[in-house]
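A short write-up of the structure that comes next.
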Amino acid sequence: MKQNPHRHHHHHHHHHRTPDLRHRSARFDPFGLAAAGLRTPEGLLVAAAVVLAPMNHIRLSGVYITASDIVALAAFILMLAKGSVPIRFFGPATAFWGLSFIAFAGGMTMSSVINGDPAALPNTLAQYSYSLLVLPMILGGRSYAQTLALIKLLIAAYVFVMLFGAYVVHFVDNPNRMLVSGNGRMRSLIQRENETAVHGAIAIVLVLGLYKLGAMRARSVLLCIPPLIYGIMLTGSVSGLLATFLGVTLLVLIVGPIRHIPISAAIVAVVVVILLAFGDIFLPEIFRNRVLDPLLNRGLVGAGTFSDRALLIQEAMAIMKDTVFLGLGVEQFREYSAHNAAVHNNYLAAFVEGGLISLLGLIGFFLSALTLVWAAIVSRVNRQVWAMTLVVLLIYAVAFNMFPTFYARFWNVPWILLLSLTASLLTPLRHKDQPILPHPSPTLKRRARS
């Protein structure tokens, strides 16, 4: 255990130290909200925005505004009134992030005004500006303790989304098409199968990361993991399965000392064997039909809907040679496309609709996040924090090959919280609840062990 014992104490036993009766309500504080000072009107609104973020289902019909946004904007108004809006929400990476946004949005704007349909621009620009600039100001730039409490809430929200989805799939007779697809794949409140699955993967990484940080107890982990895994299976998403596998493997490789790797490998092997041997008894039918059987019989190509995606990607590739300097403009690809569908690849979509500069902006978001991770590695802050951030970033980088846009709130919240958690360790203003233990150097450790 390399954790700072004092900090552990701070999180869980906060109320034992203050036998003050005014804090009676702080007794029940499973997420550490009160301890982190989030039990204020603004704090509760921010907390609600995080919890509602995966619940994409609750939104207005005409414009894409979700319940999460309404709560977050209310918090934003309070923060503006108090003058507490953080400008450097991602610490040292904020400027690079801002430049990336200007490139990304600028390419889209120029392309839309010159080539495309300028009327489609305001909505897309507003969505991206809110998701990539305003939301980080609302959720980001907070102290380590507050950000950690928000991440715990996000995990709880993901678990709820999976449980709710499973309930609808199994017990509701004629479910809403938004919640379960026509062929029985769970969409739950996120409303899209593959996205739900990838977020299940992100949630699993967050749970394991917080557990390694000492911020989550073993029993909470055992409560959270099964619904998440089951939810990923119910979506019948190959991409989700791959993302989970990738995330967990990377996290173990980066964080776990080498002696954990054989154990983890053994657990994975046992799970896989159980799935293959007894799969038909307890595995959801949709997972067997869409993922397991095709994987066993036809390999990856047969599983999922890779062929249709490949057609759109070929089409996009053909257009790309004309869109280096200026793209087609926002939402224009489907006009050009023979299949009349958006290209399900964020990188290609950025290139085709906004030109090279938009693609560079999109890559810039990842690079600015990586500079933050690098800064954390160099300053030798807690390894669990940057490892978790890096793994989720890699899941995103891979997942962005499968989705047409990423301004949906459920995409941005995990990203924002993890980057600001990493940034909170780098800020010169150390709060008393921030771990500043660098890792002991390997030589010392070896000496101690011998």
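The values are calculated or read from the model by the stated rules, or taken from the named source; none is laboratory data. None of these values were measured; they are calculated from a predicted model. Don't worry about glycine lacking a Cβ; one is built from the backbone with ideal geometry, like all the others, and counts go over all protein chains shown. These area figures cover heavy atoms from the full protein model, side chains too; ligands, DNA and RNA do not enter into them. Shrake-Rupley method; radii C 1.70, N 1.55, O 1.52, S 1.80 Å.
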- In the stretch 301-330, which residue that is part of a loop (DSSP other than H, G, I, E, B) and under 24 Å from the mean Cα position of the chain (by Cα) is modelled with the lowest pLDDT? Gly304
- Within the set of pairs 6+ apart or on separate chains, which have a first residue in the stretch 397-426 that is under 19 Å from Tyr64 (Cβ atoms), a second that is open to solvent by less than 10 Å² (accessible area, probe 1.4 Å) and of a type in the set (Asp, Glu), and C-beta atoms under 8 Å apart? Arg409/Asp69
- Message: Can you list the helices (runs of 4 or more DSSP H) lying wholly within the stretch 85-172 that have 2 or more residues being small (Gly, Ala, Ser) and open to solvent by 10 Å² or more (accessible area, probe 1.4 Å)?
- Response: 94-114, 121-129, 144-171
- Task: Kindly indicate the residue of the stretch 57-72 that is surrounded by fewer than 19 Cβ atoms within 10 Å (Cβ to Cβ) and in contact (Cβ under 8 Å) with a residue 12 or more places away in the chain and also nearest to Asn412 (Cα to Cα) among those meeting that condition.
- Result: Tyr64
- Item | Among residues of the stretch 365-395, those that are touching a residue at least 60 places away in the same chain (Cβ under 8 Å) and in a helix (DSSP H, G or I), counted | 17
- Query: So Ser143 fits all but one of (1) at pLDDT below 95; (2) more than 28 Å from Glu42 (Cβ to Cβ); what number is the exception?
  - Reply: (2)
- Message: Being surrounded by fewer than 21 Cβ atoms within 10 Å (Cβ to Cβ), at pLDDT below 95 and either among the small types (Gly, Ala, Ser) or under 17 Å from Leu150 (Cα atoms) (or both) narrows it down to one residue among Pro19, Pro41; which is it?
- Response: Pro41
